[in-house]
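The values are calculated or read from the model by the stated rules, or taken from the named source; none is laboratory data. Predicted model only: the values in this text are computed from it and were never measured. FYI the Cβ positions are ideal-geometry reconstructions off the backbone, even for glycines, and counts take in every protein chain you see.
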Amino acid sequence: MFYREAGDFKTSYPKDEQTFPIKLDRTGYYATMLFAFCVVPFMVNDYWASAVLLPFLIYSIAVIGLNILIGYCGLLSLGSGGFMAVGAYSSYKLMTSFPDLSMIVVVLLSGLITAVVGAAFGLPSLRIKGFYLAVATLAAQFFLVWLFNKVAWFYNYSASGQISAPERTVFGFYITGPNTQPAVAYLFCLVFAVGLAWVARNMTRSNTGRKWMAIRDMDIAAEIIGVNPLKAKLSAFAVSSFYIGVAGALLFSVYLGAAEVGESFGMSKSFLLVFMVIIGGLGSMFGSFAGAAFMVLFPVLLKNIMVGQLGWATDIAAHFEFVIVGLLIVGFLIVEPHGLAALWRVAKDKLRLWPFPH
Amino acid sequence: MSAGFYFGMEVFLNGMMAGVMYSLVALGFVLIFKASGIFNYAQGVMALFAAMTLVGIQTGQVPFAHLINTIFGTNFHHFGWHLPAFVAILLALGVMILFAFIVERFILKHLVNQEPIILFMATIGLAYFMEGFGDLMWGSEIMKMDVGIPQGGNLWIEENTAFLGGDDFYGFYLDTLDIYATVIAAILVVALVLFSKYSKTGRALRAVADDHQAALSVGISLRAIWVIVWAIAGFVALVAGIMWGSKSGVQFSLSLIALKALPVLMLGGFTSIPGAIIGGMIIGVGEKMFEFLIGAPFLGGATENWFAYMLALLFLVFRPQGLFGEKIIERV
């Protein structure tokens, strides 16, 4: 009844091509933005920021990046944990070497460094495909983690081998270190998440994004119609790594504060990101946010129920989490291989006809 | 001949042995990939699960003891028996066959005709599930595997090779367990090759690997073949689990051997059984030698974690289908 395009006449091409063609969607989008920017910062407390909001926003950025690679360009990568580590370590080196550099610049530069590293590891993708590539990206994962563990220059020769973020401010507010207000950290991450999502959404429907999708659907055919596979694949790797690097920098400096590479950026992180992409939905911006939200909220919820309500031991709860996450992945792939985003699409299609279906 | 040369030789031999252990895991991958085109990431966790089940059955642990105790407030952990290794292995094999049925019935059946990448991700989900399930069932402590395979340095080889070097050379140090593993892997490979060449089921397996639809049209049941293949892969996982478990205890890190087997596969080709063996040897020797010659002296050690991957990666750039893989032909 309210959710339909009937009567909503488009009078120009830009209007016809807008991201949210249906009015209710548009209103919903603006309302969400308003709520996220103007209401949440005044309500957020330490627990919500650190348990839910910050990881959600940061993982969303990483998942958007990985989704560009897997969902839009069809290249499966299992090395995203390693690329997050590149982002984290370059932000650490930048923060300690140039104390006056603004945090915004630091985060963006870390993203750029990761983009270069990612493109280098993307080079084999020109020759190898599918599983072979997935396994080859594991090389990046193992090699990068080993590198940050062994070369002391990366962690400034600290005795513990850990990196910890020094205090930095943005516009006079602490953004890293123990004096950070949760609202400030939240807003900082939110600006990055929204800005990068906006860029990604528009990139995927531009020339570049269409080339990625052509490569995904059939790379030889794409090459025949004039898409340069070298440029398309490497740009996908670079852009995706930029996002993942920014997420890594934020995860380390704003969220964790201190990190050890094997623990914070190991294999399990790579898989977590892949799961977020699958559960959210391949090739969907909404799915990236939905997947990140789901995988962040779900363990918190499970833990609250099993440890908080039922009083079970934490190790049993942790094992159950594995079982349930595994079942969910398999279940999603069987029932809805395109994830939460596809469910959302189905719901919207139903809503269009509501309350008078044929 | 200097002592350094002999030490290098010893590293080489030990690398061969380690390579055999990798191949044991890689074999399971190849079997499933050939028969169903599924890249089974869960193979490593299957090995862990099989080993845990074996130890659990052998020592008479109550499955899900912790969970039951937590929910019902009871307190029991053991049935109080200790089975002979042979019986326990048979029972564990039974569990793996049952597992094959369950996987086929609840996962594969529903994912027929999906893209390979979706199936791959499903096996990652399966790996997560089994990891948690195994821990719930048998507990997450490190368990000791004892099925009667002798361990420790092999004195006979050590004494009989000592004459090769000078006074500072005491003979090659080889672990008896590794020698057993090599022999068992050899038997396993020969048996599998014979099985797939000369038995009726083996022929059906190869037919399915060639072309699913053609195999269906001549009356081969895909579902039965999948169960058989997963059961065989479960058996291979059990063997790998026994070997690795006896070597380093049954614990979570056992499932990570799957990650070691992946570069072996890339090198040897996903579709070739001999490729898995030879790839395993190359990786095993390569990483030990690299660590010995370059890694430890110049790079700060622990290069074993990534060397195999880098080697496979470089190799793939020149030969994308691996050493023995079928040539990849693409049509638009």
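Only one entry of B:S255, B:S272, B:S248 meets the criterion of being farther than 26 Å from B:I149 by Cβ and polar (S, T, N, Q), and that entry is B:S272. Within region A:184-199, residues that are on the phi < 0 side of the Ramachandran plot and at pLDDT 95 or above have Cβ atoms under 6 Å from residues that are part of a helix (DSSP H, G or I) and of a type in the set (S, T, N, Q) in these pairs: A:A193/A:S60, counting only partners at least 6 apart in sequence or on another chain.
Looking at B:P297, B:P274, just one residue is within 22 Å of the chain's Cα centre (by Cα), away from chain A (no Cβ under 12 Å), in a helix (DSSP H, G or I) and surrounded by fewer than 17 Cβ atoms within 10 Å (Cβ to Cβ), and that residue is B:P274.
What do you reckon, is A:A342 out of contact with any Lys or Arg (no Cβ under 9 Å at 6 or more places or on another chain), in a helix (DSSP H, G or I) and either modelled with pLDDT under 85 or small (G, A, S) (or both)? Here the answer is yes, as A:A342 does meet what is asked.
The single condition from (1) under 27 Å from A:G248 (Cα atoms); (2) assigned to a helix (DSSP H, G or I) that A:A31 fails is (1).
Filtering B:A233, B:A191, B:A204 for residues that are away from chain A (no Cβ under 14 Å), crowded, with 20+ Cβ neighbours inside 10 Å and without any contact (Cβ under 8 Å) to a residue 40 or more places away in the chain leaves a single hit, B:A204. Here is the figure for region B:100-148: residues that are among the charged types (D, E, K, R) and not in a helix (DSSP H, G or I) total 4.
Collect the residues in region B:95-118 that are within 8 Å of chain A (Cβ to nearest Cβ) and in contact with a Gly (Cβ under 9 Å, 6 or more places away or on another chain), keeping them in residue-number order. Within region B:95-118, B:I107, B:P116, B:I117 qualify.
Apart from one condition, A:A152 fits all of (1) exposed (fewer than 15 other Cβ atoms within 10 Å of the Cβ); (2) more than 14 Å from every other protein chain (Cβ to nearest Cβ); the exception is (2).
Please verify whether A:W354 is more than 14 Å from chain B (Cβ to nearest Cβ), surrounded by fewer than 18 Cβ atoms within 10 Å (Cβ to Cβ) and either at pLDDT below 90 or at positive phi (or both), treating the condition exactly as stated. Can you show your working first?
Numbers: more than 14 Å from chain B (Cβ to nearest Cβ): yes; surrounded by fewer than 18 Cβ atoms within 10 Å (Cβ to Cβ): yes; either at pLDDT below 90 or at positive phi (or both): yes.
Here the answer is yes, as A:W354 does meet what is asked.
Looking across region A:209-247 at every residue that is modelled with pLDDT of 95 or more and among the β-branched types (V, I, T), the one that is farthest from A:L126 (Cα to Cα) is identified as A:V246.
Here is a check on your reading of the model: is A:F275 within 12 Å of chain B (Cβ to nearest Cβ), surrounded by fewer than 23 Cβ atoms within 10 Å (Cβ to Cβ) and either assigned to a loop (DSSP other than H, G, I, E, B) or touching a helix residue (DSSP H, G or I) at 6+ places or on another chain (Cβ under 7 Å) (or both)? No. Of all the numbered requirements in (1) under 26 Å from A:R210 (Cβ atoms); (2) modelled with pLDDT of 85 or more; (3) out of contact with any Asp or Glu (no Cβ under 6 Å at 6 or more places or on another chain), A:P337 misses one, and that requirement is (2). Selection of region B:232-271 for residues being within 13 Å of B:V30 (Cβ to Cβ) and not in a helix (DSSP H, G or I) yields B:G269, B:F270, B:T271. Close Cβ contacts (under 7 Å, 6 or more residues apart or on different chains) running from residues in region B:313-330 that are at the interface with chain A (Cβ under 9 Å from one of its Cβ atoms) to residues that are of a type in the set (F, W, Y) comprise B:L316/A:Y132; B:P320/A:Y132; B:G322/B:F270.
Every residue, every condition in (1) within 16 Å of B:W138 (Cβ to Cβ); (2) aromatic (F, W, Y); (3) at pLDDT 85 or above, yes or no:
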site	(1), (2), (3)
B:H66	yes, no, no
B:N69	yes, no, no
B:N75	no, no, no
B:W81	yes, yes, no
B:A85	no, no, no
B:L90	no, no, yes
B:A100	no, no, yes
B:N113	no, no, no
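Out of curiosity, is A:L101 farther than 22 Å from B:F318 by Cα, aliphatic (A, V, I, L, M) and modelled with pLDDT of 95 or more? No.
If we scan region B:315-324, do we find a residue that is more than 19 Å from B:S23 (Cα to Cα) and assigned to a helix (DSSP H, G or I)?
Pass one, region B:315-324, residues more than 19 Å from B:S23 (Cα to Cα): B:317-320.
The next check asks that each one be assigned to a helix (DSSP H, G or I); those that pass are B:317-318.
Yes.
Residues in region B:230-258 that are modelled with pLDDT of 80 or more, among the aliphatic types (A, V, I, L, M) and either within 16 Å of B:V20 (Cβ to Cβ) or within 10 Å of the chain's Cα centre (by Cα) (or both): 8 in all.
Filter region B:211-229 down to residues that are in a helix (DSSP H, G or I) and either loosely packed, with under 10 Cβ neighbours inside 10 Å or within 24 Å of the chain's Cα centre (by Cα) (or both), then give me how many there are. Spell out how you get there, then give the answer.
At the first step, the residues of region B:211-229 found to be in a helix (DSSP H, G or I) are B:212-217, B:222-229.
Those left that are additionally either loosely packed, with under 10 Cβ neighbours inside 10 Å or within 24 Å of the chain's Cα centre (by Cα) (or both): B:213, B:217, B:223-229.
The total comes to 9.
Note on region B:119-147: among residues that are over 17 Å from the mean Cα position of the chain (by Cα) and of a type in the set (V, I, T), the one that is nearest to the other protein chains (Cβ to nearest Cβ) is B:I142. A:Y29 meets each of the listed conditions (1) surrounded by fewer than 24 Cβ atoms within 10 Å (Cβ to Cβ); (2) of a type in the set (S, T, Y); (3) under 15 Å from A:S288 (Cα atoms) apart from (3). Taking the criterion of being surrounded by 24 or more Cβ atoms within 10 Å (Cβ to Cβ), small (G, A, S), part of a helix (DSSP H, G or I) and touching a Leu at 6+ places or on another chain (Cβ under 9 Å), no residue of region A:250-269 qualifies. Considered as a group, the residues in region A:278-293 that are away from chain B (no Cβ under 14 Å) and either surrounded by fewer than 21 Cβ atoms within 10 Å (Cβ to Cβ) or of a type outside the set (F, W, Y) (or both) include one that is farthest from A:I58 (Cα to Cα), and that residue is A:S284.
Here's the yes/no breakdown for (1) within 13 Å of another protein chain (Cβ to nearest Cβ); (2) in contact with a strand residue (DSSP E or B) (Cβ under 8 Å, 6 or more places away or on another chain); (3) free of Cβ contacts under 8 Å to residues at least 24 places away in the same chain:
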site: A:V300; (1), (2), (3): no, no, no
site: A:G308; (1), (2), (3): no, no, yes
site: A:I316; (1), (2), (3): yes, no, yes
site: A:G331; (1), (2), (3): yes, no, yes
site: A:D349; (1), (2), (3): no, no, yes
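Just one of (1) touching a Leu at 6+ places or on another chain (Cβ under 8 Å); (2) not in a helix (DSSP H, G or I) fails for A:N179. It is (1).
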